Amino acid sequence: MAATNAKARYISTVTQVENLKPREERYEVADANLRRNRLVVFPSGAKSWVHRYRFGGRTRKLTLDCGATDLARARELGAAAMKAVSAKIDPAAEKQEKKHAPADITVDGLVTLYLDRHVYKRNQKGVAAGRVRKKAPLRSGSEIERILRKELKPFRNRLAAEGVSAFEAKKLIDDVAERGHVMRNRTLTNCKALYAFGMSERLVRSSPFAGLKLTDEDTRERVLSTKELRAVWTAAGKLGHPYTGMIRLLILTGQRLNEIAGLRWAEIDLAKRQIELPGTRTKNGRPHIVALSDAAAEILESAPKVGSDEGLVLTVTGARLNGWSKMRKRLAEATTAALDGVEPAHWTLHDIRRTFATRMAEDLKVSPHVVDKILNHSSGVVRGVAAIYNRAELLNERSAALGAWGRYVDELVDGSPSNVVALRG
C-alpha cells in the first residue's frame with residue numbers, strides 16, 4: 001500500500017474529489033466524515049473508493065462499488081462495512097464469496113450446458129455459429145440426455161443452485177426405482193455426474209443427490225410368485241381409480257409404467273382391441289402395438305372420461321399421475337394384507353413386467369421372440385443381421401399370447417384350476 005501523500009487533505013466535498021490530481025505514485029485521501037473510507041488516486045488519473053479496517057488482527061481493504069464522485073454512496077457503503085465488522089463479519093470476504101456465488105442458471109440450463117460441454121463435447125464456436133453438433137463421443141449420449149430431460153422435467157425451471165432439495169432428489173430416485181433398480185442406478189449416476197459438473201464449473205455449491213447410493217442390481221431378478229401376483233391384483237382393487245386400473249393393466253399387458261400411466265384415449269382402439277403407442281412414447285422410439293385381452297379391454301371401457309388437455313385415460317384432475325411413493329406404500333400394505341399379513345420380499349412395479357415375461361414363457365410356453373415383441377425390447381432373442389431382416393410383427397401371435405395371459409390371470413385371481421392351454425412354438 002502506498003503511503004498517503006504528505007500534502008493530502010481530508011475530503012468533504014465532491015469538488016475536492018474532482019480537483020485531486022494524479023502523481024507519479026498512487027496516493028490515498030481519507031474522507032473527512034468517515035476516516036476509514038479512502039479515495040485512491042492512481043498515476044493514470046483514475047480514482048476509486050476503498051474502506052480500510054482491521055479484522056481478525058489483520059489490516060483489510062474493501063473496494064467500494066461506487067463512482068469516485070459519488071461521495072454519499074461511498075459513505076453509505078463504508079458505514080455498512082463498519083456495521084458488518086462490528087457483527088464479526090468480514091465484508092471483503094463476504095463480497096468475494098458473492099462474486100464467486102453460483103450463477104443464476106436453471107436446472108434445464110445446467111443440463112444443456114452439461115450435455116454440450118461434457119457429453120456431446122460440442123465445439124462452442126460452431127454452436128454459436130449454428131453448425132450441427134459433433135457426434136457424441138459417449139455412445140450413451142442420447143440415453144443420458146433422455147434420462148436427464150425426462151426425470152428432471154418437474155424442476156427444469158428452478159435455479160440449479162439449491163433449487164432441488166435433498167428430500168425431492170430422494171423422492172425422484174425412489175419413484176424411478178419403481179420402474180426398476182437398473183434404471184434407478186442409471187438415473188442416480190447421471191444426476192450425480194450432472195451436479196459434479198455443476199460444482200466443477202462453480203454453477204452449484206453442492207449436489208442434492210450426494211447422500212444417495214447405488215443399490216445392488218441383483219434385485220433386478222425378482223419374479224413374483226403366482227400367490228404374490230394374485231395378491232398384487234387384489235391389493236390394486238383397494239387403491240381406487242385411476243391406480244386400480246393402472247396396476248391391473250401393468251399385469252395384463254406387461255408394458256412399462258410410463259407407457260400405461262400416460263395412456264391417451266387417442267392411443268386406444270377398442271374396435272381393434274389394441275393400444276397403439278407412438279414412437280414418442282416408447283423407450284426405444286419405435287411405434288408399438290399392444291393387443292388387449294378381454295380383461296384389459298374391460299378396464300379401459302369402464303374408465304371414466306375426465307377432461308384432459310393431453311387426453312389422458314388414467315387421471316383424476318386431467319393432469320398426469322403423481323404421488324408415486326404414497327401410492328406404492330398403499331399398494332405394499334394392501335399386498336401384505338392380501339397375503340394374510342405376511343410381507344413379501346422387496347419388489348417394485350417393474351418386477352410386474354419381469355414376472356409377466358417369465359410366467360408367459362414358463363407357464364404358457366410362449367416363444368421368447370413373441371414375448372420380446374410384446375415387451376417391445378430393442379434387442380432380444382433375434383439379433384444382428386437376422387434382426388435387420390426380420391420384419392415380421394407377429395401381431396396374431398402376440399394377440400393370442402396376450403389373450404391367453406388374460407385368461408391365465410383371470411383364473412389365477414379366481415383361484416380356480418387353470419385350463420389355459422399352453423401356446424407352443
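The values are calculated or read from the model by the stated rules, or taken from the named source; none is laboratory data. What you are looking at is a predicted structure, and each value in this text was computed from that prediction instead of being measured. Counting neighbours? That spans all protein chains shown, and the Cβs are built from the backbone with ideal geometry, glycine included. Protein only, heavy atoms only, side chains kept; ligands, DNA and RNA dropped before computing areas. Shrake-Rupley method; radii C 1.70, N 1.55, O 1.52, S 1.80 Å.
Restricted to the range 380-408, and to residues that are open to solvent by 70 Å² or more (accessible area, probe 1.4 Å) and part of a loop (DSSP other than H, G, I, E, B), which residue is modelled with the highest pLDDT? Only one residue tops the list, namely 393. Listed here are the helices (runs of 4 or more DSSP H) enclosed by the range 143-242 that have at least 2 residues being at pLDDT below 90: 166-177, 181-200.
Scanning the range 69-92 for residues that are in a helix (DSSP H, G or I), free of Cβ contacts under 8 Å to residues at least 12 places away in the same chain and farther than 16 Å from residue 17 by Cα yields 76, 80, 83, 84, 86. Reported count of residues in the range 334-362, each being over 19 Å from residue 288 (Cα atoms) and either open to solvent by 60 Å² or more (accessible area, probe 1.4 Å) or aromatic (Phe, Trp, Tyr) (or both), is 8.
Scanning the range 102-142 for residues that are modelled with pLDDT under 80, over 23 Å from residue 182 (Cα atoms) and of a type in the set (S, T, N, Q), we see that the one that is surrounded by the most Cβ atoms within 10 Å (Cβ to Cβ) is 123. None of 182, 290 is of a type in the set (Val, Ile, Thr) and surrounded by fewer than 20 Cβ atoms within 10 Å (Cβ to Cβ) except 182. Of the residues that make up the range 55-68, is at least one touching a residue at least 40 places away in the same chain (Cβ under 8 Å) and under 16 Å from residue 12 (Cα atoms)? Yes, the range 55-68 contains a residue that is touching a residue at least 40 places away in the same chain (Cβ under 8 Å) and under 16 Å from residue 12 (Cα atoms).
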